[in-house]
Structures are given as structure tokens and as C-alpha cells.
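What follows is one structure encoded as C-alpha cells, with my remarks underneath.
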Amino acid sequence: MLNQKQQDADELVKAARNAAKAAYCPYSNYPVGAALRLRDGRIVTGCNIENASYGLCNCAERTAIFKAVSEGGRAFTALAVCGGKERPAYPCGACRQVIAEFCPSDMPVYIAPLEGGDIAATTVAELLPLTFSL
Ligand code: THU
């Protein structure tokens, strides 16, 4: 990765790992954190929030995106998702669709475990090719 991109990835991964500390996941015991970079430089974070009625669980990525959009954010430049130990968490199908709704197809998405390990870089289009849109 280029130096500035690497710096952005490192900062977002740090923010996502920190956000995972707030995860409410008593059912899965699987904390996930997400950090979204806004074009103005701000970072909005999210964590997974579970419910005894399992279908109501909300993933970290959607928490971050919904927080940002609800505060007027619309222009996003990068996203980091951190979860899992040896095998990092990649966004689920529902989150990929929500990411594709709000983020440009060439936007970088950084994936890393909760601690240590490498940061993998992918894009919105790679996560959800042939995206449905109206
Ligand atoms: N989860 C996320 O927050 N993001 C993902 O990309 C995958 C899964 C959460 C949902 C649930 O709280 C827990 O991880 C286990 O599935």
C-alpha cells in the first residue's frame, strides 16, 4: 500500500479495534468493530449490537454507516472492519449491500483481526460485484 493509504488503513483499523470494545455480543461472544472515514476527515465508528431475538442483531458495519448517515454524512472514502482472531471477519451479505448503497464501488475496505495480523485491502466492488441498484 502507498504510504498515505497505509497510514489511513492503520488509523482506521485502530479505531475499528477500539470500537469493538463497545460490542454488545453476549450471544455470540464475537465482537466486531468498524470505522468509516468521511471525506472531511472525520471517523465514525460502530460495533455489533445483538439481541435475545437473534434476527435483530446489527453488525458493526451497519451501525457505523447508519450512525454516519443519520448525522448527515454522505461522502465516505474508506472503511475498516475488525473482528475474529486468526481468521478475520469479512462483511456479511447484508452489510455488503448496505456498504454498496452508500460507498463508491472503488472505495477501499480494510479487513483485520481484532489483534495483530495483516491488514487485507479490498474494495466495495470486490465485496459485492454486479450490485443491485434501482
Ligand atoms: N458481525 C458483524 O458485526 N459484522 C460482520 O461483518 C459479520 C458478523 C457480527 C454479527 C453478530 O453479532 C456476530 O458478529 C456473530 O455473527
query: Got at least one residue in the range 108-123 being surrounded by 15 or more Cβ atoms within 10 Å (Cβ to Cβ), in a loop (DSSP other than H, G, I, E, B), within 12 Å of the ligand (Cβ to nearest atom) and in contact (Cβ under 8 Å) with a residue 24 or more places away in the chain?
result: yes
Q) In the range 86-94, is there at least one residue being away from the ligand (no atom under 11 Å from the Cβ), of a type outside the set (Gly, Ala, Ser) and assigned to a helix (DSSP H, G or I)? A) no
Note to self: Is it the case, given these coordinates, that LEU38 is within 17 Å of ALA120 (Cβ to Cβ), free of Cβ contacts under 8 Å to residues at least 40 places away in the same chain, more than 15 Å from the ligand (Cβ to nearest atom) and among the aliphatic types (A, V, I, L, M)?
What the structure shows: no
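Yes/no matrix, rows are residues, columns are (1) of a type outside the set (Lys, Arg); (2) surrounded by 15 or more Cβ atoms within 10 Å (Cβ to Cβ):
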residue: GLY46; (1), (2): yes, yes
residue: GLY55; (1), (2): yes, no
residue: THR63; (1), (2): yes, yes
residue: LYS67; (1), (2): no, yes
residue: LEU79; (1), (2): yes, yes
residue: PHE102; (1), (2): yes, yes
residue: LEU130; (1), (2): yes, no
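Considering only residues that are in contact with a Lys or Arg (Cβ under 9 Å, 6 or more places away or on another chain) and free of Cβ contacts under 8 Å to residues at least 40 places away in the same chain, which ones fall in the range 66-89? Spell out how you get there, then give the answer.
Just the residues of the range 66-89 that are in contact with a Lys or Arg (Cβ under 9 Å, 6 or more places away or on another chain), to begin with: 68, 73-80, 82.
ALA68, GLY73, ARG74, ALA75 - these are the residues of the range 66-89 that are in contact with a Lys or Arg (Cβ under 9 Å, 6 or more places away or on another chain) and free of Cβ contacts under 8 Å to residues at least 40 places away in the same chain.
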Filtering the range 47-76 down to residues that are more than 15 Å from VAL109 (Cα to Cα), in contact with a helix residue (DSSP H, G or I) (Cβ under 9 Å, 6 or more places away or on another chain) and within 14 Å of the ligand (Cβ to nearest atom) yields CYS47, ASN48, ILE49, GLU50, ASN58, CYS59, THR63, PHE66
Practice problem: Might you check whether a residue that is part of a strand (DSSP E or B) and not small (Gly, Ala, Ser) occurs anywhere in the range 15-26? | Solution: yes
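Residue by residue, here is whether (1) under 12 Å from the mean Cα position of the chain (by Cα); (2) charged (D, E, K, R) holds:
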| position | (1), (2) |
| --- | --- |
| ASN51 | no, no |
| LEU56 | no, no |
| GLU71 | no, yes |
| ARG74 | no, yes |
| GLY83 | yes, no |
| ALA112 | yes, no |
| GLU115 | no, yes |
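Tell me, yes or no, whether the range 63-85 has at least one residue that is out of contact with any strand residue (DSSP E or B) (no Cβ under 7 Å at 6 or more places or on another chain), over 16 Å from GLU11 (Cα atoms) and modelled with pLDDT under 95. Break it down stepwise before answering.
The first filter runs over the range 63-85 and keeps only residues out of contact with any strand residue (DSSP E or B) (no Cβ under 7 Å at 6 or more places or on another chain), leaving 66, 69-72, 74, 84-85.
Next cut, over 16 Å from GLU11 (Cα atoms) only: 66, 69-72, 74, 84-85.
Then keep just the ones that are modelled with pLDDT under 95; that gives none.
No, because not a single residue in the range 63-85 is out of contact with any strand residue (DSSP E or B) (no Cβ under 7 Å at 6 or more places or on another chain), over 16 Å from GLU11 (Cα atoms) and modelled with pLDDT under 95.
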Taking the range 17-35 and the residues there that are near the ligand (Cβ under 7 Å from one of its atoms) and surrounded by 15 or more Cβ atoms within 10 Å (Cβ to Cβ), the one that is farthest from the chain's Cα centre (by Cα) would be CYS25
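The values are calculated or read from the model by the stated rules, or taken from the named source; none is laboratory data. Here the structure is a predicted model, which means the values were calculated and not measured. Please note: Cβ atoms are built from the backbone with ideal geometry, for glycine as well, and neighbour counts cover all protein chains shown.
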